[in-house]
Amino acid sequence: MDPIRFQTHPSRYRHWRLTIDGGPVARLAMDVQEHAGLNAETPLKLNSYDLGVDIELADTVQRLRFSNPEVRAVILTSAKDRVFCAGANIFMLGASSHAFKVNFCKFTNETRLAIEDSSAESGLRWLAAVNGACAGGGYELALACDEILLVDDGSSAVSLPEVPLLGVLPGTGGLTRVVDKRMVRRDLADVFSTLGEGVKGKRAMEWGLVDRLAPSSRFAAAVDERARALAEGAPRRGVGTGAGRGIVLPDLEARYSPAGAEYRYVSLKIDAARRTGSLTVRGPEAAAPRDSDALRSDGAATWALRAFRELDDALLELRFNHLTTAVVALRTEGDGQAVLAHDEAMERLAAGGDWLAAEVLALQKRVLKRLDLTARTFFALIEPGSCFAGSLLELAFAADRSYMKNDPEAAPHVAVGAASAGRLPMSNGLTRLQTRFLGAPHRAVAAAAARGQALDPDAALAAGLVTFAPDDIDWDEEVRVAVEERASLSPDALTGMEANLRFAGPETMETKIFGRLSAWQNWIFTRPNATGEKGALTMYGKPERAVFDFRRT
């Protein structure tokens, strides 16, 4: 398969129509072009989607937040008659590798979480205007919205048919959102999830699967009325300090190659022979923006935004295009005090009501979550010249281990900043410091209280902020052995181990979704009942029936 790229622009969209008339309501219509998928041989019928469709959706959500602060409500609907979305394209899934299936499911769910995050963080309300059949991933897309309005035409239904038809699960959070978000009764959810034809009309509303119904004759009017009401009840964006129009998000001008990717502030380097990689983030070169006018002048070029957009793209490049990379060294380069200054500027401006600074912080949160959820071993290497401070120290806290070089000639330093105090929580709802010190919360409090202090290797080790602090004599050998040992272990076992260890503490809807995705989908997608020669996913669309091994395990 050719490398997959994740940068796009509305001018290059093939599958979505975004309409903004200057008012508070935008309309986003799904219009999947059947023969414009990533694989031209797999037709995307009935608004079924592949990864390319979701890449455009993810881009749209981000642009609405940064470029269109006047929008307070989004109507998510279909441009096709009598079909909202048939979900992920089954033939695409059936022909894909196991690794692609799981990474695809993970990315699509991160996109749905981005929709939910835009509502929680930015007050951007989403209305799913379901104007036809809504199945599988299509219903999961509707579930990500704040409200679902279903056309009551006697035939349109919502459904999660994966279990009865495909022998797999609604893999991007469908089951979890039904019971955890919409709080549908367990017995009703059980019936719903085993009905291939789904549930429609009055019953769908009574069971809590949708919020509102409207007959075909009033559907368009009902959608517009409800969208306006949602917009009126939503907080206004783009007002107060830094009011005005949004900013343009240009392409990142990345240079991709089989050996990685190079950006202005981020470098991804892959050693395919050793199955290792290095992901380096460079600190800011310019001074932090003094006020909202300066932030808008910098726009998308401001370090706090551009560096994290580049990091996000590099993580997706790593996930999809470098599957055999086992261990990735996280590095930073630059001035830690400059990082802290940029973090402080974003915090100060956001606290003062600057919506753009708040969006930058929200993006950083989403990117760091993407790092938490990436199935690779990450070792943070803190060396002389590093700038693991503030938001970049979160990279070390997200890593599975951290090594800090205790070099008496040029000792590196780390510094906790405002970024670790709560603005950048993990999927478990805790900060990375709180998760790190789950059994000793006073140590998290003490670390946060040392905000801005530059800690040398001995102090960082004593504070529990790093795992090891080898001296300069042992550094090269200790790091080499650790990386080689890790790369020799089973990747399946490591994926399961890391996913279990990274999210200590309370369980949330997000941790449930990704825990189940990592465990259940990894397992179910490889079982003969789903993907074997006679498995349900393999046999879908063929005249023969699936053959199951009926032993429960």
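From the phi angles alone, apply the Karplus equation (6.51, -1.76, 1.60; θ = phi - 60°) to the range 23-40 and give each ³J(HN,Hα) in whole Hz, x where the residue is Gly or Pro.
Listing the rounded values in order: x, x, 10, 10, 10, 10, 10, 7, 9, 5, 7, 3, 10, 10, x, 4, 10, 4 Hz.
Write down the Å³ per residue value for the convex hull defined by the alpha carbon atoms of the range 331-455.
Enclosed volume per residue, from the Cα hull, is 108 Å³.
Between the range 163-214 and the range 526-550, how many Å separate their Cα centres?
24 Å
How many lysine pairs in the chain, separated by 8 or more positions in sequence or lying on different chains, have Cα atoms less than 18 Å apart?
8
What longest region of the chain stays clear of GluC sites (Glu not before Pro) that DSSP places outside H, G, I, E and B and that have at most 10 other Cβ atoms within 10 Å?
42-252
Residue by residue, what Karplus-based ³J(HN,Hα) values in Hz, rounded to whole numbers, does the range 439-451 have, using 6.51, -1.76 and 1.60 with θ = phi - 60° and x for Gly and Pro?
Along the range 439-451, the couplings run x, 9, x, 5, 6, 5, 5, 5, 5, 5, 5, 8, 3 Hz.
Tell me which residues come under 5 Å, amide H to amide H, from Glu333 once H is placed; ignore anything under 5 positions away on its chain.
Under 5 Å from the amide H of Glu333: Val281, Arg282, Gly283, Cys387.
From the backbone phi of the range 122-136, what are the Karplus-calculated ³J(HN,Hα) couplings (6.51 cos²θ - 1.76 cosθ + 1.60, θ = phi - 60°) in whole Hz, Gly and Pro given as x?
10, x, 8, 8, 10, 10, 7, 9, 7, 9, x, 4, 9, 10, x
Determine the relative contact order of the range 1-146: mean sequence separation of Cα pairs under 8 Å and six or more apart, normalised by residue count, in whole percent.
The normalised contact order for the range 1-146 reaches 25 percent.
Which listed residue (Asn500, Leu537, His442) has the Cα farthest towards the positive end of the charge dipole for the range 411-553, taking +1 on Lys and Arg C-beta and -1 on Asp and Glu C-beta about the Cα centre?
Leu537
Could you state, as a whole-number percent, how many of the C-alpha pairs of the range 455-553 are farther apart than 22 Å?
Numbers: 2921 of 4851 pairs.
Cα-Cα pairs in the range 455-553 separated by more than 22 Å: 60 percent.
Can you tell me how much longer the chain between Met497 and Arg212 gets when fully stretched, taken as 0.36 nm per residue apart minus their C-alpha distance, in nm with one decimal? Before the final figure, lay out the partial values.
Working: separation 285, 0.36 × 285 = 102.60 nm, distance 4.25 nm.
Length difference between fully extended and current span is 98.4 nm.
With unit charges on the beta carbon (Lys/Arg positive, Asp/Glu negative), name the residue among Phe308, Leu368, Thr325 whose Cα is farthest towards the positive pole of the charge dipole of the range 246-383.
Thr325
Could you grab the relative contact order for the chain? Cα pairs under 8 Å, six or more apart, rounded to a whole percent.
With pairs under 8 Å counted, the relative contact order is 12 percent.
Work from the charge dipole of the chain (Cβ charges, +1 for Lys and Arg, -1 for Asp and Glu, about the Cα centre) and give the residue of Asn109, Val163, Gln453 farthest towards its positive end.
The residue sitting most towards the positive pole is Val163.
Would you pull out the residues with amide H under 5 Å of Ala88's amide H, same chain only if 5 or more places away, H placed 1.01 Å from N?
For Ala88, the qualifying residues are Tyr49, Gly137, Gly138.
Once you mark the trypsin sites (Lys or Arg not before Pro) that are in a DSSP loop and have at most 11 other Cβ atoms within 10 Å, what is the longest gap between them in the chain?
Here the longest segment lacking exposed loop sites spans 291-544.
Show the residues, 5+ positions off or on another chain, whose built amide H is closer than 5 Å to the amide H of Val328.
Those qualifying (amide H under 5 Å, at least 5 residues apart or on another chain) are Gly277, Thr377, Phe378, Phe379.
Taking the Cα centre of the range 24-107 as origin, sum charge times position over the Cβ atoms of Lys and Arg (+1) and Asp and Glu (-1), and report the length of that vector in debye to the nearest 20.
For this selection, approximately 280 debye.
Going from the alpha-carbon gyration tensor of the range 284-399, what semi-axes, largest first and in whole Å, does one get by taking the root of 5 times each eigenvalue?
Semi-axis lengths for the range 284-399 are 26, 16, 11 Å.
Around Glu485, with a cut-off of 14 angstrom between Cβ atoms, what is the net charge of the other residues, counting Lys and Arg +1 and Asp and Glu -1?
Numbers: positive: Arg274, Arg275, Arg401, Arg480, Arg486; negative: Asp400, Glu477, Glu478, Glu484.
Local charge sum for Glu485: +1.
Taking Cα pairs under 8 Å and at least six residues apart, what relative contact order does the range 15-80 come out at, in percent?
Relative CO of the range 15-80 lands at 41 percent.
Compute for the chain: radius of gyration divided by Kirkwood radius, i.e. Rg/Rh, restricted to C-alpha atoms, rounded to two decimals.
0.97
Ratio of alpha-carbon Rg to the 2.2 N^0.38 Å globular estimate for the range 14-99, to two decimals, please.
The range 14-99 yields a ratio of 1.19.
Quote the charge dipole size of the chain about the Cα centre in Debye, to the nearest 20; the model charges only the Cβ of Lys and Arg (+1) and of Asp and Glu (-1).
With Lys and Arg at +1 and Asp and Glu at -1, about 1780 debye.
Leaving out ligands and nucleic acids, and using a 1.4 Å probe, what accessible area per residue does the range 368-456 come to in Å²?
On the way: 2890 Å² over 89 residues.
Per residue, the range 368-456 has 33 Å² of solvent-accessible surface.
Leaving out ligands, DNA and RNA, what percent of the accessible area of the range 415-488 is carbon and sulfur, probe 1.4 Å?
About 54 percent, which is the carbon plus sulfur part of the accessible surface.
From the helices alone, meaning DSSP H stretches of at least four residues, give me the mean residue ellipticity at 222 nm for the chain, per-run term -39500 (n - 2.57), in deg cm²/dmol to the nearest 500.
It lands at -11500 deg cm²/dmol.
If each Cα of the range 302-343 is one equal point scatterer, what is log10 of I(q)/I(0) from the Debye formula at q = 0.31 Å⁻¹?
Taking Cα atoms of the range 302-343 as identical point scatterers yields -1.12.
Debye calculation, C-alpha points only, no solvent: report log10 I(q)/I(0) for the range 65-208 at q = 0.11, 0.16, 0.19, 0.22 Å⁻¹, in the same order as the q values.
-0.41, -0.87, -1.20, -1.48
The values are calculated or read from the model by the stated rules, or taken from the named source; none is laboratory data. Keep in mind it's a predicted model, so treat the numbers as computed, not measured. For neighbour counting, all protein chains shown are included, and Cβ atoms are generated from backbone atoms with ideal geometry for every residue, glycine included. In case anyone asks, the SASA skips ligands and DNA or RNA and just uses the protein heavy atoms, side chains included. Shrake-Rupley method; radii C 1.70, N 1.55, O 1.52, S 1.80 Å.
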